[in-house]
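A short worksheet on the structure shown next.
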Amino acid sequence: MVKKPEIEGMNIVFRGDFNPKIFQPAWFAAQGLIRNEEADEATVEIIHPTIVVFTLDWLQIQIEPNRFYAGTNQSPYIEILKDLILGTFRILNHTPIKMMGINYNSHFPMDSEDAWHDVGHRVAPKDMWNKILKKPGLRSLTMQGERPDDHKGHIAVRIEPSNRVRHGIFININDHYELKDPESVLGCEAIIDMLESEWKTSVTRSQRIAITILEQA
Amino acid sequence: MQPRKMQNIHRSYLKGTSKIDAPEKKEIEISLFGPGYGESILIHVGDNNWLLIDSCLDSVNKEPSPIIYLRNIGIDPSKAIKLIVASHWHDDHVRGLAEVIRQCSSAEFVVSNALRSKEFLTLVYALGRRSMMETSGVQEFYQILEILKERLQSKHGNSQLLKHAISDRLIWRSSTSSSAYHLSCDVYSLSPSDESTTIALKNIGNLLPVEGQLKTRALAITPNHAAVVLWIKVGSIYILLGSDLEETDNPNTGWSIIVDSTTRPQGKAVFFKIPHHGSENADYKPVWDRMLIPNPLAGLTPFIQGNVILPKKSDVTRICQRTQNAYSTALPRQKRLRHRDKTVEKAIRETVKKIKEITSSTGHIRLRSKDIEPPINWKIALFGDAIPLHEFYEN
Amino acid sequence: MKAKAKRNRNYDPFQYAAFSGSAALDYLNLRKEEPTAPSIKRHFFPPSDAPDYNKPDWASEMSDLENTSHTQEIPEDVKEVTQKYVPNIISRPLIKNRFLELQKWEGIVLQISKDSMVARLIDLSEKESEGEAEFALDEIHSDDLPLVKPGAIFYWTIGYLDKGGQRIRASIIRFRRLPRWRTEELDAAKKDAEYTQKLFKGDQQD
């Protein structure tokens, strides 16, 4: 039986054209997207026309001219994160966004060191490597597959030994979406509609992928 | 002259894992499911033709209860269910309905006239698309519409995928068949009336969001003027399904206009699905006097929300005076939340003033008869938490 | 045997991955990073050595949302900014707190009284049952109180919060801050409703 992850989080990455300076904690609070108190207590790393980085207790935001990133590693806020993104880009609906990644990250504990090794051996059999390297070990494995739906994009799964959980396995799933015809689309409505309709499916699928990997291993 | 005896009743209480079998091909069955929050009715009208009214989820595995039941008795719901009726849009009556419709692609689907209106469809598109919550009735309807639209677009022109129910309308009739097991069956909707539809549309309109408003889930408005009451005739047996219709002061709405209608189908029903969980608001004595046989079989599903438990003790007393053959699909008991991790239990105690479980197990009342004219011999079976109504407050 | 490489859009490197030819790798090198994978940029210090594996490093300045220090191309304009304005950044944009979830519900507010609210709860952890609970309004953060209305949706999560080196039992109630209704959304819903109504009345065919 697969244990619950010790750390589980989600993040959303958009590729498009952004004006980083808009995205300040005070702006989010003024739009009612976060609490006023959170905005007051935000840790602001930098606010500059080309980069904005700040964190709340539960949220990490990083925006550059071509990339928007928001993430949380706390499960009570996974849905809140989605609401924040939807709210932000429903308001800023003229922002051009062409690609989206709904990314799942988890650190699963294994029952023992042997069980932890078993995962590595199963996903990356060593028969071949034992003839090539001395004491080979899995460092990182990324597999990519086609999307199971009609959207353009892919799903990539990365597995590594965890650096956060002793004898743990880190699994990242990059659920990547692209617009089929980005040139014909202005603004971000298409991507945001996709986020709203696909979020629950994406989260459930990513959790299932992670559990299936560990069950198979 | 002695009045003709209408029915004989044989009761059995089946609990636990008793084997459940399918009705015989010429046997009528009425099954009422109720998990403590939710309601669904399956009716076998002969020759493996089934009617489904509303849907609820089994509290254990979260699939539609009627689908689970049919599979358990070896019936393929996708072939067997010929008619699906959503008697209204409140989420306790439609949970899982989209999945049922997805599986039963050849069934006709009927909704209240009020639910084909622009007001309701706007509500569905505004709220249903936005994944406001796990179990929203509006969201269920959104999924239903998407399924039907897809079917409509692929069939190129068949617009009868969404029929509507209004007062005194024949909404379904069993196809003629040379099968030895064929039973004639007519299904009539007895509501909503014209005025009920108008009021329902106004109420739905009041739920429509306005610009600048916070996004919240739409909560059900009562009384429910859009509710569809059904009159089903199988052979010479009549069945009255009361949905959630409540009686009002307005003679052009509620039960009074149904009872007084000169164009409704005539007859007296042997089974009554008591409306609105047995509440006093839904009670109208002329229904019992003019539309039901003496001492009819009756079933209801309880409703528990906040401090409200329906039926109340006075409701149970009143109904049991009207018939000795009333049953409930579930118990009024609100259990404490099932045992959890100590840390969780402690945190719950520290956070809330009160907490209780609403759904515990699905109860099922099943009536079967091989007779299609009086005297009808009924076999009643009660599954899960279903009990005779007079025991409702005794447990 | 080396596979022939055609550098066109239709070339699928993974088709040839089993042969591990350099052609596949050449293609892969054209795409150095997943465009929407989340690798947190370490803008503020040079690429680090690969970390020790199997050695949880709680003190390290690595995000829980990542696992390795990916080196990554830093946009030139960003590099310029950071070097000019923030040469000696010590703190990192990290979420320091962690949460170990034990139980989670989705709640919908049914009734509100002067000092409490009654809500229906749907168990998101075990999916076994629904419940109802009455919460004192004191349990709700003051910034969330304006959101407490019939039909409002919230999440209630119980677990352990690791914060500041301490593990605290936490019960977090968080109301959803959904964007307010906009005219465009309502107009779009009306338009869809009209179309659907016509479709089912048979006036419109695709």
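The values are calculated or read from the model by the stated rules, or taken from the named source; none is laboratory data. Since we're looking at a predicted model, the values are computed, not measured. Reconstructed Cβ throughout: ideal geometry from the backbone, glycine too, with neighbour counts over all protein chains shown.
Just for helices (runs of 4 or more DSSP H) wholly inside region B:90-151: which have at least 2 residues that are within 19 Å of the chain's Cα centre (by Cα), within 11 Å of another protein chain (Cβ to nearest Cβ) and buried (at least 21 other Cβ atoms within 10 Å of the Cβ)?
Once the helices (runs of 4 or more DSSP H) in region B:90-151 are filtered for at least 2 residues that are within 19 Å of the chain's Cα centre (by Cα), within 11 Å of another protein chain (Cβ to nearest Cβ) and buried (at least 21 other Cβ atoms within 10 Å of the Cβ), what remains is B:91-94.
Go over the candidates A:137, A:101 one by one and state the one that is of a type in the set (Gly, Ala, Ser) and assigned to a loop (DSSP other than H, G, I, E, B). So that I can check it myself, show each step before the final result.
Values: A:101 fails: assigned to a loop (DSSP other than H, G, I, E, B).
On inspection, the qualifying residue turns out to be A:137.
Please specify each residue of region A:13-34 satisfying the condition of being surrounded by 20 or more Cβ atoms within 10 Å (Cβ to Cβ) and under 25 Å from residue C:147 (Cα atoms).
A:23, A:25, A:28, A:33, A:34 - these are the residues of region A:13-34 that are surrounded by 20 or more Cβ atoms within 10 Å (Cβ to Cβ) and under 25 Å from residue C:147 (Cα atoms).
Within region B:197-217, track down each residue that is more than 11 Å from chain C (Cβ to nearest Cβ) and either in a loop (DSSP other than H, G, I, E, B) or free of Cβ contacts under 8 Å to residues at least 24 places away in the same chain (or both).
Across region B:197-217, the qualifying residues are B:198, B:202, B:203, B:206.
Name the residue that is farthest from residue B:142 (Cα to Cα), counting only residues in region B:101-117 that are of a type outside the set (A, V, I, L, M) and at pLDDT below 90.
For region B:101-117, the residue satisfying everything is B:106.
Does region A:54-69 include one or more residues that are within 15 Å of residue C:179 (Cβ to Cβ) and among the hydrophobic types (A, V, I, L, M, F, W, C)?
No: zero hits.
Taking the condition of being part of a helix (DSSP H, G or I), closer than 21 Å to residue B:302 by Cα and modelled with pLDDT of 95 or more, how many residues in region B:233-267 meet it?
Here is the first cut: in region B:233-267, the ones part of a helix (DSSP H, G or I) are B:254-259.
Right, trim to closer than 21 Å to residue B:302 by Cα and you get B:254-255.
After this cut, where a residue has to be modelled with pLDDT of 95 or more as well, the list is B:255.
Adding up the residues that qualify gives 1.
Give region B:355-395 a look and list any residue that's touching a strand residue (DSSP E or B) at 6+ places or on another chain (Cβ under 9 Å), part of a loop (DSSP other than H, G, I, E, B) and among the small types (Gly, Ala, Ser), or say none.
B:384, B:386
Residue A:202 - would you say it is closer than 26 Å to residue A:6 by Cβ and out of contact with any strand residue (DSSP E or B) (no Cβ under 9 Å at 6 or more places or on another chain)?
no
For region A:35-46, enumerate the residues that are at the interface with another protein chain (Cβ under 9 Å from one of its Cβ atoms) and buried (at least 19 other Cβ atoms within 10 Å of the Cβ).
Matches in region A:35-46: A:35, A:45, A:46.
Just give me the residues in region B:306-323 being without any contact (Cβ under 8 Å) to a residue 60 or more places away in the chain and either outside any helix (DSSP H, G or I) or within 14 Å of another protein chain (Cβ to nearest Cβ) (or both), in sequence order.
Those that are without any contact (Cβ under 8 Å) to a residue 60 or more places away in the chain and either outside any helix (DSSP H, G or I) or within 14 Å of another protein chain (Cβ to nearest Cβ) (or both): B:306, B:307, B:308, B:309, B:310, B:312, B:323.
Residue by residue, here is whether (1) closer than 26 Å to residue B:110 by Cβ; (2) more than 8 Å from every other protein chain (Cβ to nearest Cβ); (3) exposed (fewer than 14 other Cβ atoms within 10 Å of the Cβ); (4) modelled with pLDDT under 90 holds:
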{"position": "C:165", "(1), (2), (3), (4)": "no, yes, yes, yes"}
{"position": "C:171", "(1), (2), (3), (4)": "no, no, no, no"}
{"position": "C:178", "(1), (2), (3), (4)": "no, no, no, yes"}
{"position": "C:182", "(1), (2), (3), (4)": "no, no, no, yes"}
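Keeping to region C:125-158, report how many residues are of a type outside the set (S, T, N, Q), facing chain B (nearest Cβ under 8 Å) and more than 22 Å from residue A:31 (Cα to Cα).
Initial filter on region C:125-158 (of a type outside the set (S, T, N, Q)): C:126-128, C:130-141, C:143-156, C:158.
When the remaining residues are screened for being facing chain B (nearest Cβ under 8 Å), the result is C:127-128, C:130-136, C:139, C:147, C:149-153, C:156, C:158.
Retained after the next criterion (residues that are more than 22 Å from residue A:31 (Cα to Cα)): C:127-128, C:130-136, C:139, C:156, C:158.
Counting residues in region C:125-158 that are of a type outside the set (S, T, N, Q), facing chain B (nearest Cβ under 8 Å) and more than 22 Å from residue A:31 (Cα to Cα) gives 12.
Scan A:119, A:44, A:13 and give me the residue that is in a strand (DSSP E or B) and more than 30 Å from residue A:182 (Cα to Cα).
Values: A:119 fails: in a strand (DSSP E or B); A:13 fails: more than 30 Å from residue A:182 (Cα to Cα).
None of the others qualify; the one that does is A:44.
What are the residues in region A:175-210 that are of a type in the set (S, T, N, Q) and under 18 Å from residue A:71 (Cβ atoms), if any?
Scanning region A:175-210 gives A:202, A:206, A:207.
Can you pull out every residue in region A:167-196 that is over 20 Å from the mean Cα position of the chain (by Cα) and under 22 Å from residue A:207 (Cα atoms)? Full working, then the answer.
So in region A:167-196, the residues over 20 Å from the mean Cα position of the chain (by Cα) come out as A:167, A:180-187, A:189.
Selection gives A:167 alone.
Residues of region B:177-190 being modelled with pLDDT of 95 or more and assigned to a loop (DSSP other than H, G, I, E, B), which ones?
Of everything in region B:177-190, just one residue is modelled with pLDDT of 95 or more and assigned to a loop (DSSP other than H, G, I, E, B), namely B:190.
Being in a loop (DSSP other than H, G, I, E, B) and not basic (Lys, Arg) is the filter here, so list the residues in region C:149-182 that pass it.
Across region C:149-182, the qualifying residues are C:150, C:151, C:152, C:164, C:165, C:178, C:179, C:181.
In this structure, is residue A:68 farther than 30 Å from residue A:167 by Cβ and of a type outside the set (D, E, K, R)?
When the stated conditions are applied, residue A:68 passes them.
State all residues of region A:47-64 that are more than 7 Å from every other protein chain (Cβ to nearest Cβ), within 19 Å of residue C:177 (Cα to Cα) and not in a loop (DSSP other than H, G, I, E, B); if no residue qualifies, say none.
Once the filter is applied, which keeps residues that are more than 7 Å from every other protein chain (Cβ to nearest Cβ), within 19 Å of residue C:177 (Cα to Cα) and not in a loop (DSSP other than H, G, I, E, B), region A:47-64 yields only A:61.
For region A:65-106, name all the residues that are within 8 Å of another protein chain (Cβ to nearest Cβ) and in contact with a Pro (Cβ under 6 Å, 6 or more places away or on another chain).
Once the filter is applied, which keeps residues that are within 8 Å of another protein chain (Cβ to nearest Cβ) and in contact with a Pro (Cβ under 6 Å, 6 or more places away or on another chain), region A:65-106 yields A:87, A:90, A:99, A:103.
Among (1) more than 23 Å from residue B:235 (Cα to Cα); (2) modelled with pLDDT under 90; (3) out of contact with any Gly (no Cβ under 7 Å at 6 or more places or on another chain), there is one condition residue B:216 misses while meeting the rest; what is its number?
(3)
Just to verify a result, which residue in region B:14-32, among those that are at pLDDT below 95 and hydroxyl-bearing (Ser, Thr, Tyr), is surrounded by the fewest Cβ atoms within 10 Å (Cβ to Cβ)?
B:17
How many residues does region C:117-157 hold that are more than 22 Å from the chain's Cα centre (by Cα) and among the aromatic types (Phe, Trp, Tyr)?
Total meeting the criteria: 1.
So if I check each of B:351, B:362, which one is within 21 Å of the chain's Cα centre (by Cα) and of a type in the set (S, T, N, Q)?
Numbers: B:351 fails: within 21 Å of the chain's Cα centre (by Cα).
Result of the check over B:351, B:362: B:362.
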